[in-house]
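The values are calculated or read from the model by the stated rules, or taken from the named source; none is laboratory data. Predicted model only: the values in this text are computed from it and were never measured. Cβ placement follows ideal geometry from the backbone for every residue including glycine, while neighbour counts extend to all protein chains displayed. All accessible areas refer to the heavy atoms of the entire protein, side chains included, with ligands and DNA or RNA removed. Shrake-Rupley method; radii C 1.70, N 1.55, O 1.52, S 1.80 Å.
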Amino acid sequence: MLNKKNKYYSLDRIEKYNAIYNVIIGERSNGKTYSVLSKAIDNFIKDGKMFAYVRRWQTDVTGRRASSVFNSHNSDRYIEKKSGGRYEGITYYSGRFYACTYGDDGRPVYSDSECMGYCFSLSDMEHDKSTSYPDVTLIMFDEFLTKNMYLNDEFVLFCNVVSTIVRQRDDVKIYMLGN
């Protein structure tokens, strides 16, 4: 649902259902991803909880593509405002997102304790099965709909990622976003 204050998507309405799985379909560039990532930041700042960012292909969760996930949040200084200046931005390194400050040279400064979230790709999920993620309470499957090509047994792969993260817990919410 679009926020009445502006033209961007707000989670307010869907959150009222308190569902485990939340499917959000809307037009391109209306703020679906931004709103869920904002919730992930809020969870980290408030409770130290982490998130999982899921995409279909490994190439979507590595390098420059993954590094750009929080570009809008960094440019509008969202985490800096929410953290009261403790953090200045969010950076990506080796499959993880970190809350960070910036050194005099402009490079991000962070530690393992400032890890906010992990990247997962369905095409490469077999490598994540034996790892535990007890602090992840939000799973975001971005671009879960496609006009081109789905993976063989994609739903099973997604369920395996969810199972790897959730295990026996009941405190995880899943957001599936598509255009």
How far is it, in nm, from the label point at R64 to the one at E143 when both lie 7 Å from their Cα along the line to the Cβ?
-> 1.4
Give the carbon-plus-sulfur fraction of the accessible surface of the chain in %, rounded to a whole number; probe 1.4 Å, heavy atoms of protein chains only.
-> 47
Given springs between every Cα pair under 10 Å in a Gaussian network model of the chain, which of I90, I20, I165 has the largest fluctuation?
-> I20
Most mobile of Y92, Y17, Y102 in a GNM of the chain (Cα contacts under 10 Å) | Y17
In nm, to one decimal, how far is the S113 label point from the R86 one, both placed 7 Å along Cα→Cβ?
-> 1.0
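Can you tell me the FRET efficiency between D124 and I25 if r is taken as the Cβ-Cβ distance and R0 is 30 Å, rounded to the nearest 0.05?
In this case the efficiency is close to 0.75.
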Rough spin-label spacing in nm, given labels placed 7 Å along Cα→Cβ, for E154 and W57 = 1.2
So what is the accessible area of the chain per residue, in Å², with the probe set to 1.4 Å?
-> 57
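Once you order the gyration tensor axes a ≥ b ≥ c over the Cα atoms, which shape class does region 61-165 get: rounded for a/c under 1.5, otherwise prolate or oblate by comparing a/b with b/c?
Working: a/c = 2.35, a/b = 1.83, b/c = 1.28.
Prolate.
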Both in Å, the radius of gyration and Dmax of the C-alpha trace of the chain are 15.8, 48
